[in-house]
1. At a 10 Å Cβ-Cβ cut-off, how would you order LEU25, LEU179, fewest neighbours first?
2. How much of the DSSP bridge set in the chain is antiparallel, in percent, rounded to the nearest 5?
3. Taking a quarter of the surface of the convex hull around the Cα atoms of the chain, what do you get in nm²?
4. Quick one: divide the alpha-carbon radius of gyration of the range 5-109 by 2.2 N^0.38 Å and tell me what you get.
5. Of all DSSP beta bridges located in the range 114-236, what percent are antiparallel, nearest 5?
6. Checking a compactness column here: for the range 18-69, what do you get for Rg(Cα) / (2.2 N^0.38 Å), N being the number of residues?
7. When DSSP beta bridges are limited to those with both residues in the range 5-109, what percentage is antiparallel, rounded to the nearest 5?
8. For the chain, what is the relative contact order in percent, using Cα pairs closer than 8 Å and at least 6 residues apart in sequence?
Amino acid sequence: MAPQVSFVGAGPGAADLITIRGARLLRHADVVIFAGSLVDRELVRRYAVRADVYDSAGMTLTEVITVIMDAMAADRSVVRLHTGDPSIYGAIQEQMDALDRLGIDYQIIPGVTSAFAAAAALKQELTLPEVSQTVIFTRCEGRTPVPERERLAEIARIGATLVIYLSVGMIEQVVEQLLSGAYTPETAAAVVCRASWEDELVLRGTLADIAGQVRDAGIDRQALIIVGDVLAARIEGLKAKSLLYDEGFSHGFRGSVVV
């Protein structure tokens with residue numbers, strides 16, 4: 001079998017939240033290139049026991065691709081380890097495009113995104129009947145722009161559950177844009193810093209006070225902002241229940257129950 005390049009989602013932080021498949025690939029990899037600024041080094045120490053390890057935090061795209069090319073030429077397998085799930089803000093498309101041009105085959109192993117680790121920390125379902133059935137993953141424009149139609153002020157008009165990445169350092173700007181949409185100062189908001197890590201920190205509030213809480217806690221990176229009425233519904237009590245387990249609702253695995 002030819003040597004394999006695998007893009008692996010490391011999970012949100014905790015070393016034991018990587019998938020079984022991802023851990024197996026790490027154990028057998030000859031070369032591991034990991035995002036050292038975000039991925040817990042314990043995960044690499046625990047699983048990448050036989051690999052040459054490269055920290056990509058200070059590497060350019062060209063340097064990353066060169067390491068992969070050299071490994072392929074030497075008949076060695078490579079794991080490119082990204083935080084969370086690499087398909088969300090993982091910057092893997094440009095790497096895959098480069099490998100496509102070089103004719104190097106690869107596979108992608110999904111991971112647990114920090115959005116779902118944050119929801120777990122909040123003990124919160126992100127979609128609730130008659131509250132929100134839409135979750136939007138997005139970010140605020142900073143040094144990296146976003147399309148004009150996807151600015152927070154525009155997305156906020158929908159009123160869906162928002163999971164906002166890479167923006168906690170601009171929390172005041174985030175709140176300002178959200179308030180120009182469908183949200184109000186009373187809209188529930190939460191910030192989860194380093195979800196699933198040992199030093200995980202959860203802040204709960206509203207758009208009126210969440211920015212102050214973030215600043216008081218000194219959070220400026222590695223945190224998600226979650227905004228929406230689903231957060232308040234847990235506190236206030238869910239009025240509409242899911243039909244999935246409703247005794248009067250039949251589906252392919254259960255007939256309706258007549259009382």
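All of the numbers you see were taken from the coordinates with simple rules; none came from a lab. What you see is a predicted model, and the numbers here were worked out from it, not measured in a lab. Neighbour counts are summed over all protein chains in view; Cβ atoms, including those assigned to glycine, are modelled from backbone coordinates with ideal geometry.
1. Least to most surrounded, the residues fall as LEU179, LEU25.
2. Restricted to the chain, the bridges split so that about 45 percent are antiparallel.
3. 17.5
4. This ratio for the range 5-109 stands at 0.95.
5. 75
6. The value comes to 1.11.
7. Of the beta bridges lying entirely in the range 5-109, close to 5 percent run antiparallel.
8. 18
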